[in-house]
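A short worksheet on the structure shown next.
Please treat every number below as a calculation from the coordinates, not as lab data. All of these numbers come straight from a predicted model, not from anything done at the bench. Please note: Cβ atoms are built from the backbone with ideal geometry, for glycine as well, and neighbour counts cover all protein chains shown.
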């Protein structure tokens, strides 16, 4: 019997040592592994980010997005309920919705006018009962769908939906665990700190296509080693540096993580700046309003909490700038990265302006984040040039565990421990039971 | 020469100076083409048209432009590239004493050191230009780009 990963089961890379502190380049370069990652991480057993409730506030609002590499539509129906369904017509498979957002009473595939409700149910099939014509012998009905054609069996593929704090996740897997269990209590705590029930206000989007494997972005935000080295602004202005008060936490499966840090040591020259070429002791901003930071009560101390929800999203709080960053894979060697910046309903004008100004640090042109895309692109280039080689993640040891500091790559090792558990497991699920596949 | 022709010529010349600065990596010159309390915004067309206030870059003073210039030179790691602007003819929207508003299409090509030249970013400039002692200067430059899916990153000013 073929497995769910048929037709081809990938050759799993050999990990050079026990543990996950040596990461084979092949995990970034093999297309067949990428297909298995899509099946096992994005389409089965996991929740994926699809958007914010504030993006679809009114009945009929929709947003087109993706889960993994599959196009999906998020809608709010007339009763205010949220739905997510696949953007693949049940008839001929066309991706019928091309707009990125809008407001609709229904969805109609332009090809043969099959129409669907805002919940994804099939409601209309032209010529379902045939076309009545007059003939010399009397009226006759030409064509039509078979008498046993049941529209209820031919809705769009619907995803399970979870919302919490105004954030919407979806899963193709009807048997996925509850969202709260999926995050686990530790990560849920950080999630709730940011999304504590206040209504969100969308400030806008940034989109970039990064020519690197999607996991590299997860790793970038599980890597507290680089920010104080690659990013001058972080180390120089004390926003993120190795001598800041910091904690690293994970869920029990090590797939999600939070990097929690408190600003300090701005301009401090010591062992974490010594020899660091990105540290600029005498750097002065011409316009200090870039860093007009005002602490907010909900922070509860930390000035930066970067949360990685595996596999699809990063939750950013860097001082007053907050965003979701949606990872949208496209083959093994590239992903689209969509930033949604937001604020809260109780923000005054000054706070909104502050969030927008601090957004200059982030996104595809950000003073800090622009280099992340660059190093990911160049890492991928290195992997592709010698896929038999491996990367090293041994800062802080070879083990996986939470730490009261940030001088470690433990979160990357943790993510790959989980990756190996899932990717190396034998697959017992038959193709007919694959989530997202209708009969 | 009519006032209108003079205005158009002035704008064309300013755009030519702008292209020369940002394509020649003369970031100090780029800063000096703006007024002290200038606004420079690089905005995806989607945000612009949907009324979302977020910009990819949002600067509200010449000091911020100088900070960007410093970042390009000193703090932003990036794969080096050339950029080349092709700026269309301005469409005058307003002519007031000492002030012009115009909309102008542009295209930016990017060439990496070992690569082909590719279309990097296209869009339009929504400019407010004022007469100063030093000549025409940008009081406001809103760069609204169609190329919403940025090819990795934008380092240099568009």
Checklist entry - D for region A:234-366, whole µm²/s, Stokes-Einstein with Kirkwood Rh over alpha-carbon pairs at 10 °C and 1.306 mPa s: what number? => result 97 µm²/s
Item to check | Extension gain from residue B:118 to residue B:49, taking 0.36 nm per residue of separation minus the Cα-Cα distance | outcome: 22.2 nm
Next on the checklist: Ignoring solvent entirely, what values of log10 I(q)/I(0) come out of the Debye formula for region B:1-126 at 0.10, 0.14, 0.21 Å⁻¹ when each Cα is a single scatterer?
Outcome noted: -0.37, -0.73, -1.54
Next on the checklist: Helix A:179-194 against the longest principal axis of chain A: what's the angle in degrees, Cα atoms only, rounded to the nearest 10?
Outcome noted: 50 degrees
Next on the checklist: Below 8 Å, C-alpha to C-alpha, sequence gap of six or more: please give me the relative contact order for chain A in percent.
Outcome noted: 21 percent
Next on the checklist: Please compute, over every Cα-Cα pair in region B:62-158, the percentage with a separation greater than 22 angstrom.
Outcome noted: 41 percent
Checklist outcome for this item: With R₀ set to 25 angstrom, the calculated FRET efficiency between the beta-carbons of residue A:113 and residue A:175, to the nearest 0.05, is 0.15
Checklist entry - Nearest 0.05, what FRET efficiency do residue A:407 and residue A:293 give at R0 = 25 Å with Cβ-Cβ as r? => result 0.55
Next on the checklist: Test of understanding: what is the full-extension gain from residue A:95 to residue A:330, defined as 0.36 nm times their sequence separation minus their Cα-Cα distance?
Outcome noted: 82.9 nm
Checklist entry - Between residue B:26 and residue B:73, what length in nm is gained on full extension when 0.36 nm per residue of separation is reduced by their alpha carbon distance? => result 15.9 nm
Next on the checklist: Between A:354, A:164, A:129, where does the largest GNM mean-square fluctuation fall for chain A, given springs only between Cα atoms within less than 10 Å?
Outcome noted: A:129
Item to check | Sorted largest first, extent of region A:293-372 alpha carbons per principal axis (Å) | outcome: 42, 24, 21
Checklist entry - Per residue of the protein assembly as shown, what 222 nm ellipticity follows from adding -39500 (n - 2.57) for every DSSP H run with n ≥ 4, rounded to the nearest 500? => result -6000 deg cm²/dmol
Checklist entry - Computed FRET efficiency, Cβ-Cβ of residue A:268 and residue A:79, R0 60 Å: what is it to the nearest 0.05? => result 0.60
Next on the checklist: Against the 2.2 N^0.38 Å scaling, with N counting residues, where does the protein assembly as shown land? I'd like the Cα-based Rg ratio to two decimal places.
Outcome noted: 1.06
Checklist entry - For the residue pair residue A:192 and residue A:353, what label-to-label distance in nm results when each label sits 7 Å from Cα along the Cα-to-beta-carbon direction? => result 3.6 nm
Checklist outcome for this item: Beyond 22 Å, the calculated P(r) of region A:155-252 holds a percent of Cα-Cα pairs equal to 56 percent
Checklist outcome for this item: Simple SL model, points at 7 angstrom along Cα→Cβ for residue A:384 and residue A:283; separation in nm is 3.0 nm
Checklist entry - Measuring from label point to label point, each 7 Å out along Cα→Cβ, what is the residue A:14 to residue A:58 span in nm? => result 6.2 nm
Item to check | Cβ neighbours within 10 Å from other chains - mean over A:373-384 | outcome: 2
Item to check | Within a Gaussian network of chain A (alpha carbon springs, distance under 10 Å), most fluctuating of A:421, A:55, A:377 | outcome: A:421
Next on the checklist: Give me the percent relative contact order of region A:123-166, please, defined on Cα pairs under 8 angstrom at least 6 residues apart.
Outcome noted: 28 percent
Checklist entry - Out of every Cα-Cα pair in region A:290-335, what percent are more than 15 Å apart? => result 54 percent
